[in-house]
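Undergrad: Okay, handing you the structure first.
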Amino acid sequence: MNRIKSFGAFWYDFVIGDDWHVAVIVVAGLIVTALLAHVAGIPAWWVLPLCVFGALGWSLHRATASRRS
Amino acid sequence: MNALPLILTVFVACVVEAVEALTIVLAAGLTREWKSTFQGMGAAIIVLAVVTAAIGPAISFLPLTALRLVIGALLAIFGLQWLRKAVLRATGYKALHDEASAYLREVAAAESATKESRRGVSDWYSFTLAFKGVLLEGLEVVFIVITFGDNQHNIGAAVIGAAAAIVVVTITGIAVKAPLTKVPENWMKFAVGVMLTSFGTFWGAEGAGVAWPGNDAALLVLIPLVALVAAAYIFWLRGRGADRAAPASASESPEVVGS
């Protein structure tokens, strides 16, 4: 059981890393992009870049805010 | 897409990983024993070859749209991890990855470990140290080679980039017999983070059903844009007066292999 846990933890750390919020925002961005493109028929190429920039900024803010005080 | 950007991106990414693996291998080999170190390296290379042989062809069976969606998402998340660390290091919020101190840490640990023979390996510590170091850094190389190579239908070009990086770092390491401290690792990680994030965003959005304005030419705008935004975050964090802040706190994960 411990080996399975370590294996899972390794892959989580490898792919997701220090901040899981980044992964959630990117996946959410992809879902919104797909919905806008396929359901609403809107050219949604701008959604994912905005999510990526937002995810990076948000993650950096969270990582640094606690160390300012 | 021209093969040159693909080769260069994979080359720079793999140089960073190879430098980190070299530090660990040198610490094991120079401090302990070369034979067991080489056995550890060899075992790791075999595992990496098996992983590549298993995952590479399996991924190529996916339809292109699904492939771009999955790989784009993974690359964007992976690239953002690199960018995040590079920005935090550039602004002093996280300790810079220092090959010299990483080497000294590994040497101190290697010198204090007892010598133990196991499973036909005369020094088990050297074996496992080299095995883990090469395997962990190598997995990142495999990930980058497979994702970039498969997406561009040009695994060969990606392999050339990775092999060139490993050869260059190995030859340099043999020549200087010391960790490569002069390599500007943080800025290389920044550049690779920009490339991984840009390609991941581009492919991910395509996989989600988007047609980019200008098709592939959109990358020529997206890559500089990602670099500019990341650079702007560096200025923003420095502007908050944090560039002299203490390095990594307990909330940030410690410097580990592969980070």
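The values are calculated or read from the model by the stated rules, or taken from the named source; none is laboratory data. Here the structure is a predicted model, which is why all the values come from computation and not from measurement. Glycine also receives a Cβ, built like all others from the backbone with ideal geometry; neighbour counts cover every protein chain displayed.
Undergrad: Which residue out of B:T128, B:T37, B:T91, B:T31 is closer than 24 Å to B:M195 by Cβ and touching a residue at least 24 places away in the same chain (Cβ under 8 Å)? I'd like the intermediate steps shown before the answer.
TA: Working: B:T128 fails: closer than 24 Å to B:M195 by Cβ; B:T37 fails: closer than 24 Å to B:M195 by Cβ; B:T31 fails: closer than 24 Å to B:M195 by Cβ.
So the residue among B:T128, B:T37, B:T91, B:T31 that is closer than 24 Å to B:M195 by Cβ and touching a residue at least 24 places away in the same chain (Cβ under 8 Å) is B:T91.
Okay, residues lined up against (1) over 30 Å from A:A40 (Cβ atoms); (2) assigned to a helix (DSSP H, G or I); (3) within 13 Å of another protein chain (Cβ to nearest Cβ):
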site	(1), (2), (3)
B:A162	yes, yes, no
B:I174	yes, yes, no
B:W187	yes, yes, no
B:G193	yes, yes, yes
B:P213	no, no, yes
B:A218	no, yes, yes
B:L222	no, yes, yes
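To keep it simple, each residue is scored yes or no on (1) more than 9 Å from chain B (Cβ to nearest Cβ); (2) in a helix (DSSP H, G or I); (3) modelled with pLDDT of 80 or more; (4) surrounded by fewer than 21 Cβ atoms within 10 Å (Cβ to Cβ).
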| site | (1), (2), (3), (4) |
| --- | --- |
| A:D13 | no, yes, no, yes |
| A:V24 | yes, yes, yes, yes |
| A:A37 | no, yes, yes, yes |
| A:L48 | no, yes, yes, no |
| A:R67 | no, yes, no, yes |
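Undergrad: State whether one or more residues within segment B:77-94 are within 19 Å of B:A227 (Cα to Cα), hydroxyl-bearing (S, T, Y) and within 14 Å of chain A (Cβ to nearest Cβ).
TA: yes
Undergrad: Quick check on A:S59: is it among the hydroxyl-bearing types (S, T, Y) and facing chain B (nearest Cβ under 7 Å)? I'd like the intermediate steps shown before the answer.
TA: Details: among the hydroxyl-bearing types (S, T, Y): yes; facing chain B (nearest Cβ under 7 Å): yes.
Spelling it out, A:S59 is indeed among the hydroxyl-bearing types (S, T, Y) and facing chain B (nearest Cβ under 7 Å).
Undergrad: I would also like to ask the following. Going through A:I42, A:I4 one at a time, which residue ends up being outside any loop (DSSP other than H, G, I, E, B), of a type in the set (V, I, T) and either in contact with a Phe, Trp or Tyr (Cβ under 9 Å, 6 or more places away or on another chain) or at pLDDT below 95 (or both)?
TA: Working: A:I42 fails: outside any loop (DSSP other than H, G, I, E, B).
When all the criteria are applied, what remains is A:I4.
Undergrad: Name, by its number, the condition in (1) in a loop (DSSP other than H, G, I, E, B); (2) among the hydrophobic types (A, V, I, L, M, F, W, C); (3) in contact with a Gly (Cβ under 9 Å, 6 or more places away or on another chain) that does not hold for B:L62.
TA: Unmet condition: (3).
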